[in-house]
1. Checking Ser191 against (1) crowded, with 20+ Cβ neighbours inside 10 Å; (2) touching a residue at least 40 places away in the same chain (Cβ under 8 Å), only one condition comes out false. Which one?
2. Within the range 33-81, which residues are in a strand (DSSP E or B) and not β-branched (Val, Ile, Thr)?
3. Need a quick list: strands (runs of 3 or more DSSP E) entirely within the range 147-203 having at least 3 residues that are more than 23 Å from Arg132 (Cα to Cα) and not aromatic (Phe, Trp, Tyr).
4. Can you give me the number of residues within the range 1-24 that are in a loop (DSSP other than H, G, I, E, B), modelled with pLDDT under 55 and surrounded by 14 or more Cβ atoms within 10 Å (Cβ to Cβ)?
5. Out of all the residues in the range 191-230, which are over 16 Å from the mean Cα position of the chain (by Cα), farther than 24 Å from Val155 by Cα and charged (D, E, K, R)?
6. How many of the residues in the range 176-195 are touching a Leu at 6+ places or on another chain (Cβ under 8 Å) and at pLDDT 95 or above?
7. Taking the residues in the range 60-75 that are of a type in the set (A, V, I, L, M) and under 19 Å from the mean Cα position of the chain (by Cα) as candidates, determine which candidate is nearest to Gln40 (Cα to Cα).
8. Taking the criterion of being of a type in the set (S, T, N, Q), in contact (Cβ under 8 Å) with a residue 24 or more places away in the chain, closer than 30 Å to Glu80 by Cβ and surrounded by 22 or more Cβ atoms within 10 Å (Cβ to Cβ), would at least one residue in the range 161-171 satisfy it?
Amino acid sequence: MPQVNRRAPTRSDDLLLLDYDANTTHSGGGRAGSRPISLQFMVNAMCSAMLAPDTPLMPMRVAAQVFEKLIRQGQVALGEGSQTPDSQRILDIALGNLDRQKGVFGELSRNLRMLAGHLVWAQGRSGPFASRNFESSHAHAVIVGPGGIEERTDVRIGLTIMAPYTRFPDHTQYQARAFLSLSPLEFCRESESWTKAGFGAVCYSGAGELVGIRCTTKPLLLLWCNTERP
C-alpha cells in the first residue's frame, strides 16, 4: 500500500514521465507524414476500451480529453526504435498473452506488434517499495507525445512493461492519468487497498495522488494516457 505524501507534486516525482525529448530519440530520422494506419487502429481500439459504458467516470473523463485532442494529428516520423536489454523479450511474452483476448484487445495486440520496432524504450529510476529487480525488469515507451511515434506536446500515450513478480516504485502522479490494463496486475492509489485488475480494466489516479503498481506470475503490459500541462 503506498504511503500518502501530501506535498505538492513536481514533475520529477512522476516516474512515468521520463525526459524523452532530451535523452531518448528515434534514430534514422524517419519521414514526417500522415498517422500510420497501425497507430490509428491502436488509438481507435484504446479509445473503444477506455470509453466503454462500464468505465468509471474519472478515468473516462481523462481518456476522453486525450482522444478529443488526438482528432488533430501531431508530427509523425516512423524512425527506428531502440530497446533495453530485456524489453523485446518481456513485450513478446506480454503480447502473446494479450493475443488470446478477443475484440479490441486482439486489435491492440496486432497493432502494438506492428509499432514495436519504432518504439524507443527507456528505463527509469527506482524508488520506495520497488522490487529488488525493478531497474532491470521494466521499460517504458512513449507512443504518442514527447519522443513518441507521433510527436506532440498536448497529450501523452505511454506503454509500460514489467517482468513477472515486479513492483513499480510508489510515486506521485504529476497530472491526472488513466490506465488501461492489458495484463493481470494489482493497482493501488493513496491509502486504498490493493485492487486486482484484469485484461481491460481501466484505472485512474488524480494529480498529486500516490500510486502503486505490481504484477505477479505474468508480465505487466500497461497502456496509460494523460493530457500534458502547458
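1. (1)
2. Within the range 33-81, the first condition is being in a strand (DSSP E or B), and the residues that meet it are 33, 75-77, 80.
Listed by number, the residues that qualify are Gly33, Gln75, Ala77, Glu80.
3. Working: elements: 155-162, 167-172, 177-181, 185-189, 195-197.
Where strands (runs of 3 or more DSSP E) fall fully within the range 147-203 and carry at least 3 residues being more than 23 Å from Arg132 (Cα to Cα) and not aromatic (Phe, Trp, Tyr), they are 155-162, 177-181.
4. Residues of the range 1-24 that are in a loop (DSSP other than H, G, I, E, B), as a first pass: 1-10, 14-19, 24.
Okay, now just the ones that are also modelled with pLDDT under 55, so 1-5, 24.
Pick out the ones that are also surrounded by 14 or more Cβ atoms within 10 Å (Cβ to Cβ) and you get 1-2, 5, 24.
Counting residues in the range 1-24 that are in a loop (DSSP other than H, G, I, E, B), modelled with pLDDT under 55 and surrounded by 14 or more Cβ atoms within 10 Å (Cβ to Cβ) gives 4.
5. Glu192, Lys196, Lys218 - these are the residues of the range 191-230 that are over 16 Å from the mean Cα position of the chain (by Cα), farther than 24 Å from Val155 by Cα and charged (D, E, K, R).
6. Of all residues in the range 176-195, those touching a Leu at 6+ places or on another chain (Cβ under 8 Å) come to 177, 179-183, 185, 189-190.
Keeping just the survivors that are at pLDDT 95 or above gives 177, 179-183, 185.
Residues in the range 176-195 being touching a Leu at 6+ places or on another chain (Cβ under 8 Å) and at pLDDT 95 or above: 7 in total.
7. Of the residues in the range 60-75, the ones of a type in the set (A, V, I, L, M) are 60, 62-64, 66, 70-71.
Keeping just the survivors that are under 19 Å from the mean Cα position of the chain (by Cα) gives 60, 62-64, 66, 70.
Working: Met60: 19, Val62: 19, Ala63: 16, Ala64: 16, Val66: 14, Leu70: 10 Å.
Here the residue is Leu70.
8. Step one: filter the range 161-171 for residues of a type in the set (S, T, N, Q), giving 166.
Still in the running and in contact (Cβ under 8 Å) with a residue 24 or more places away in the chain: 166.
Right, trim to closer than 30 Å to Glu80 by Cβ and you get 166.
Cutting the leftovers down to surrounded by 22 or more Cβ atoms within 10 Å (Cβ to Cβ) gives us 166.
Yes: the range 161-171 contains one or more residues that are of a type in the set (S, T, N, Q), in contact (Cβ under 8 Å) with a residue 24 or more places away in the chain, closer than 30 Å to Glu80 by Cβ and surrounded by 22 or more Cβ atoms within 10 Å (Cβ to Cβ).
The values are calculated or read from the model by the stated rules, or taken from the named source; none is laboratory data. If you're wondering where the values come from, they're calculated on a predicted model, not measured in any experiment. Don't worry about glycine lacking a Cβ; one is built from the backbone with ideal geometry, like all the others, and counts go over all protein chains shown.
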